[in-house]
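What follows is calculated from the coordinates using simple rules that are stated; it is not laboratory data. Computed from a predicted model, the values in this text were never measured in an experiment. In this analysis, Cβ positions are derived from the backbone assuming ideal geometry, glycine residues included, and neighbour counts consider all displayed protein chains.
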Amino acid sequence: HGKRGRHGRDAPGKAGKARIIDPAKARSWKGVAAVVMRDAHGHRPPFARPLHVVVDAYFPRPKSLKGDPGRQRRPSRPDIDNLLKCLFDAGNAVLWTDDAIIVEAVGRKWYTAAGESPRGEVSGGEVG
């Protein structure tokens, strides 16, 4: 894989601005996520049977977000499918043998509640 970024276009109504997706950023994030997963999973072997996985991603609460100080949904980038793909790749050979064994997934994006720290939470288990 080269060092070139992938090109993409913003959604209609966004003045057609082109954007570059930086694969180096994703690789760096995956590496950090894999280390955190390895620490949390301990010395247990990765799951090898079909899994269902639930991911809750908590992002920093912007100062501009007014009203309810509790958790709120985050309807902005990164797209949930891209977030899940990075996380599933990071879990390969750490939490699961290969992300192909994930047969069911739920992903949710949140802004943290007041006083909470940004983080990712992964839960789930083997399917029947």
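For the reader, a short list of remarks on this structure follows.
- ³J(HN,Hα) computed for each position of the stretch 56-70 - Karplus, 6.51 cos²θ - 1.76 cosθ + 1.60, integer Hz, glycine/proline x: 10, 10, 10, 9, x, 6, x, 5, 6, 6, 9, x, 3, x, x
- Residue-wise HN-Hα couplings along the stretch 78-90, as the Karplus relation 6.51 cos²θ - 1.76 cosθ + 1.60 with θ = phi - 60° gives them from phi, are x, 4, 4, 5, 5, 4, 5, 4, 4, 5, 5, 4, 5 Hz; Gly and Pro carry x.
- Within a straight-line Cα-Cα reach of under 17 Å, residue 30 can be paired with the following aspartates and glutamates, leaving aside sequence neighbours fewer than 8 residues apart in one chain: 22, 39, 56, 79, 81, 89, 98, 99, 121.
- Sequence-distant residues sharing a close amide H with residue 51 (under 5 Å, placed H): 102, 103, 104, 127
- Paramagnetic reach from residue 121 (point 7 Å along Cα→Cβ, amide N under 14 Å) across the stretch 45-74: 54-59, 71-73
- Rounded to the nearest whole Hz, the Karplus-based 3J(HN,Hα) values (6.51 cos²θ - 1.76 cosθ + 1.60, θ = phi - 60°) of the stretch 109-125 follow the sequence 10, 10, 8, 5, 6, 3, x, 8, 9, x, 5, x, 10, 10, 9, x, x, with x at glycine and proline.
- Residue 41-residue 114 FRET efficiency (beta carbon distance; Förster radius 22 Å; 0.05 resolution): 0.10
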